[in-house]
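Q: Input: one structure, supplied below.
Any read-out appearing in this document is the output of simple, stated calculations on the displayed coordinates, not a laboratory observation. Here the structure is a predicted model, which is why all the values come from computation and not from measurement. Note that we place each Cβ from the backbone using ideal geometry, even for glycine, and neighbour counts take in every protein chain shown.
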Amino acid sequence: MSTTSMECRNGKSVTISAMAKFHYRKSPTQAQKSAFKKYLSEDEELVLVTGLSSAYIRSKFIFYLFFPGMLFLGFGLGVGWFFGIGRIWALVLGLGFMFLSTILKTMHIYHATRYLLTTRRIIIKKGLFSVKLIAALFDKITNLVVDQSIIDRLLLHHGTIVVNTAGVSKGEIVLKYVDYPLELKNLLERLINREREQFGLRGATLTEVEGEIIS
């Protein structure tokens, strides 16, 4: 198993492969570091960038094919009929509108929700043009809840992680539809414990698992 290390500004390195079992070994790309640099403070480094699961994105693509995809299909057929370009070309035009609208909407939800793990905190970024940030420092996190049904575990391989923090109501910081949530939880726990060890805080068990989970 290959390892990927990242040198932090405080001189300590974070080894990604040691913290992630299978699917969360890759360090952020240079493009990701540049894109999300403005959301980080001077004393933290980006460890991981992830988002909505591939299964969830596929399901939304199929949903958008029907709505609003069918509306754009009808619009294209209407435009073709109005300009008298023929049934075949009208159908091609309608299908083009249909798939273009579906792809654009799917790309929007993919890029609009990003989950960032840094050396100090977890950040949820929502939106593309109007951006909302939700962040929790590792030393404020009190509990992690993994919620994964049997269908999520066996078929979709995604789930939800609820991050409970001191002074924040339960469920306010939620990582929805993440791929392989147990692996992401393990990475998050390792980062939290590393932060606490750095400041001489005693480690604690953070995880609570709900749903059909087999360890």
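Q: Could you work out the relative contact order of region 94-196, using alpha carbon pairs under 8 angstrom and six or more residues apart, expressed as a whole percent?
A: 20
Q: Which shape class applies to region 23-173: rounded if a/c is under 1.5, otherwise prolate when a/b exceeds b/c and oblate if not, where a ≥ b ≥ c are the square roots of the Cα gyration tensor eigenvalues?
A: Prolate, because a/c is 1.5 or more and a/b exceeds b/c.
Q: Once phi is turned into ³J(HN,Hα) by the Karplus curve 6.51 cos²θ - 1.76 cosθ + 1.60 with θ = phi - 60°, what whole-Hz value does each residue of region 122-133 show in order, with x for glycine and proline?
A: Couplings: 10, 10, 10, 10, 10, x, 10, 8, 9, 9, 10, 10 Hz.
Q: With θ taken as phi - 60° and the coefficients 6.51, -1.76 and 1.60, list the Karplus ³J(HN,Hα) couplings across region 144-157 in order, rounded to whole Hz; mark glycine and proline as x.
A: Going residue by residue, I get 10, 10, 9, 10, 8, 6, 5, 5, 4, 6, 7, 10, 8, 6 Hz, with x marking Gly and Pro.
Q: On to the next question. Using label points projected 7 Å from each Cα along Cα→Cβ, tell me how many nm separate Q30 and N186, to one decimal.
A: 3.1
Q: What distance in nm separates the two pseudo spin-label positions at S41 and K126, each 7 Å out from Cα along the beta-carbon direction?
A: According to this spin-label approximation, the distance is 2.3 nm.
Q: Once phi is turned into θ = phi - 60°, what whole-Hz ³J(HN,Hα) does the Karplus curve with 6.51, -1.76 and 1.60 give for every residue of region 96-105, x standing for Gly and Pro?
A: Each residue's phi maps through the Karplus curve to give x, 4, 4, 6, 5, 5, 5, 5, 5, 5 Hz.
Q: At a Förster radius of 41 Å, what calculated FRET efficiency corresponds to the Cβ-Cβ distance of F82 and K140, to the nearest 0.05?
A: Computed FRET efficiency for F82 and K140: 0.10.
Q: Could you sort the peptides 39-49, 82-92 by per-residue average Cβ neighbour count (10 Å cutoff), highest mean leading?
A: With the highest mean Cβ count within 10 Å placed first, the list reads 39-49, 82-92.
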